[in-house]
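The values are calculated or read from the model by the stated rules, or taken from the named source; none is laboratory data. This is a predicted model, so every value here is computed, not measured. FYI the Cβ positions are ideal-geometry reconstructions off the backbone, even for glycines, and counts take in every protein chain you see.
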Amino acid sequence: MANRKFSLTFGLVSIPVKISNATREQKVSFHQITQCCGARVSQSQKCKVCGKEVVRGELDKGYEITKGNYVVLKPAEVDAVKLKSVKSIEVVGFVPADTLDPITFAETYYVEPEEGGEKGYSLLLESLAQLKMLAIGRLTMNGKEHTVSITSRKGLLLLTLLWYPSEIVNPPQVAPVAISAKELELAKQLITAMLGVDFKNFKDRYIEALRELIKAKQEGREITPMAEVAPTMDLASALEASVKTKRKPIEAVA
C-alpha cells in the first residue's frame, strides 16, 4: 500500500501524518490453468442476463435483501457517505499499554509525520512512551471504519487496526483431560530446555518449498512428498526422549 495521508487528532491538536504498511506478506502467485489445454482461464465479467462483458466503471453495488432482489447503490452514492474518520485518525481516548488482548490485533502500519507535524508527532510519541499508554481512535480505510490503537515503539508511532468485538469468533470449548504429575514435570523440563528463540532465523518454509517445486518441475526433477507427522500415543516416553535431545550439555568444571 502506498503512503496514505491523514490528520492525527487528539483534543484540539491536529498532526499531519502518513501511514505505510509495517508488514509485507510473502506469496507465490499462480494463474488458473485448464487441465484440458493448459491455458489460462478467462477472468472476464459477464452480465448473467444479456451476456455482455462489463468493465469496472459499468458496475454498481447491490445489497441482496431477499434471494435475487437487491438495493442498488451507485458508486457516487456510496462515496457520499462521509465520516469524520475518512481523512483523519481521530483519537477518542487513551488506555494503559497492556489493556488490549492480542486477539484484537489485525494489521499494523508505520506512522510518520508530514511537513509541519514533526513537533506534535514527537510530543505524542514521547508522551505515550513515558506514560506507557496506547491511543485509541478511529479511521476509515478501504471502505470501512476501523478502531485503531497507536503506540510508541523504538522512536516511531505504530498504528494497529483492531477487530471489533462482534468480529471476534467465540472460542471453542475444550474439555479438560487428566494429566499425570510425571507428564507435567517432563513437559516443564522440555520447555525449560527449549528456552530462547532467535526470530531472525524464521522464514516461510512453505514459500521456499513451492519455489523449489517450481524449479524442480522446470528441471524435470521429482520431489518426494513430506510424510505426515503421526500423533504421539505414549506421551511420557516422547517427553523423556525430547528432554534428552534438547537438554543443553553441562559445562565441564575446570
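Brief remarks on what is shown
- Residue in region 132-143 that is at positive phi, surrounded by fewer than 15 Cβ atoms within 10 Å (Cβ to Cβ) and among the basic types (Lys, Arg) present: yes
- Failed item in (1) out of contact with any helix residue (DSSP H, G or I) (no Cβ under 6 Å at 6 or more places or on another chain); (2) surrounded by 10 or more Cβ atoms within 10 Å (Cβ to Cβ), with residue 113 passing the rest: (1)
- Complete set of residues in region 32-76 that are in contact with a Lys or Arg (Cβ under 9 Å, 6 or more places away or on another chain) and closer than 30 Å to residue 109 by Cβ: 61, 73, 75
- Residues of region 1-38 that are under 22 Å from residue 137 (Cβ atoms), at pLDDT below 80 and surrounded by 10 or more Cβ atoms within 10 Å (Cβ to Cβ): 1, 3.
- Selection of region 8-31 for residues being aliphatic (A, V, I, L, M) and more than 18 Å from the chain's Cα centre (by Cα) yields 8, 12, 13, 15, 17.
- Figure legend. Inter-residue proximity from region 94-106: first residues in contact (Cβ under 8 Å) with a residue 24 or more places away in the chain, second residues part of a loop (DSSP other than H, G, I, E, B) and surrounded by 15 or more Cβ atoms within 10 Å (Cβ to Cβ), beta-carbon distance below 8 Å, spacing 6+ or different chains. Indicated pairs: 103/163; 104/163; 105/163; 106/163.
- Scanning region 147-166 for residues that are in contact (Cβ under 8 Å) with a residue 40 or more places away in the chain, assigned to a strand (DSSP E or B) and farther than 11 Å from residue 110 by Cα yields a total of 4.
- Exclusive hit being surrounded by 12 or more Cβ atoms within 10 Å (Cβ to Cβ), touching a helix residue (DSSP H, G or I) at 6+ places or on another chain (Cβ under 6 Å) and outside the structural domain of residue 13 (by TED's automatic domain parsing), set 186, 210: 186
- The listed residues are 248, 188, and the only one of them that is of a type outside the set (A, V, I, L, M), modelled with pLDDT of 80 or more and over 25 Å from residue 25 (Cβ atoms) turns out to be 188.
- Check on residue 54, under 30 Å from the mean Cα position of the chain (by Cα), β-branched (Val, Ile, Thr) and surrounded by 10 or more Cβ atoms within 10 Å (Cβ to Cβ): no
- Residue in region 117-136 that is of a type in the set (A, V, I, L, M, F, W, C) and closer than 24 Å to residue 78 by Cβ present: no
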